[in-house]
Amino acid sequence: MSLIDEPKAWKSKANGQYLKTESESMQLITLVDTSSSDFIYIGSALPSTAKGDAKWRLQRVDIRTSEIEILFAGSSEDFTHVWDNRTGLVYG
């Protein structure tokens with residue numbers, strides 16, 4: 001599974017889960033935005049990825065009800081989104 005357009009041979013630990021490919025290992029950075037009363041946004045990317053780069057995997061946590069829902073931006077776990085655009089994306 002190719003996660004991003006970076007070197008293919010790496011595996012990363014994010015939120016307690018490993019994303020596996022061929023070899024090597026590198027930890028992802030994670031940003032969490034709690035500024036909204038309705039949603040929490042979580043972004044993961046390789047270290048040194050700029051917030052404006054389209055290399056983020058984004059999730060939105062819906063906290064409006066007692067049944068919490070976690071969705072990915074663009075209904076995809078791909079690392080193709082921009083952290084700075086997180087609030088305007090479609091999640092599914």
Within region 56-92, which residues are in a helix (DSSP H, G or I) and either within 13 Å of GLY43 (Cβ to Cβ) or among the polar types (S, T, N, Q) (or both)? TRP83, ASP84, ASN85, ARG86, THR87
Does any residue in region 47-74 that is among the β-branched types (Val, Ile, Thr) come within less than 7 Å, Cβ to Cβ, of a residue that is loosely packed, with under 12 Cβ neighbours inside 10 Å and not in a strand (DSSP E or B) six or more places away or on a different chain, and which pairs are these? VAL61/ILE68; ILE63/ASP38
Name the residues in region 2-53 that are at pLDDT below 50, loosely packed, with under 11 Cβ neighbours inside 10 Å and either among the polar types (S, T, N, Q) or under 16 Å from the mean Cα position of the chain (by Cα) (or both), would you? SER2, ASP5, ASN15, GLY16, GLN17, TYR18, SER23
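Which of the residues that make up region 37-58 are within 17 Å of ASN85 (Cβ to Cβ), in contact with a Lys or Arg (Cβ under 9 Å, 6 or more places away or on another chain) and not aromatic (Phe, Trp, Tyr)?
ILE40, ILE42, GLY43, SER44, ALA45, THR49, LEU58
The values are calculated or read from the model by the stated rules, or taken from the named source; none is laboratory data. None of these values were measured; they are calculated from a predicted model. Quick reminder, even Gly has a Cβ in these numbers, built from the backbone with ideal geometry, and neighbours come from all protein chains shown.
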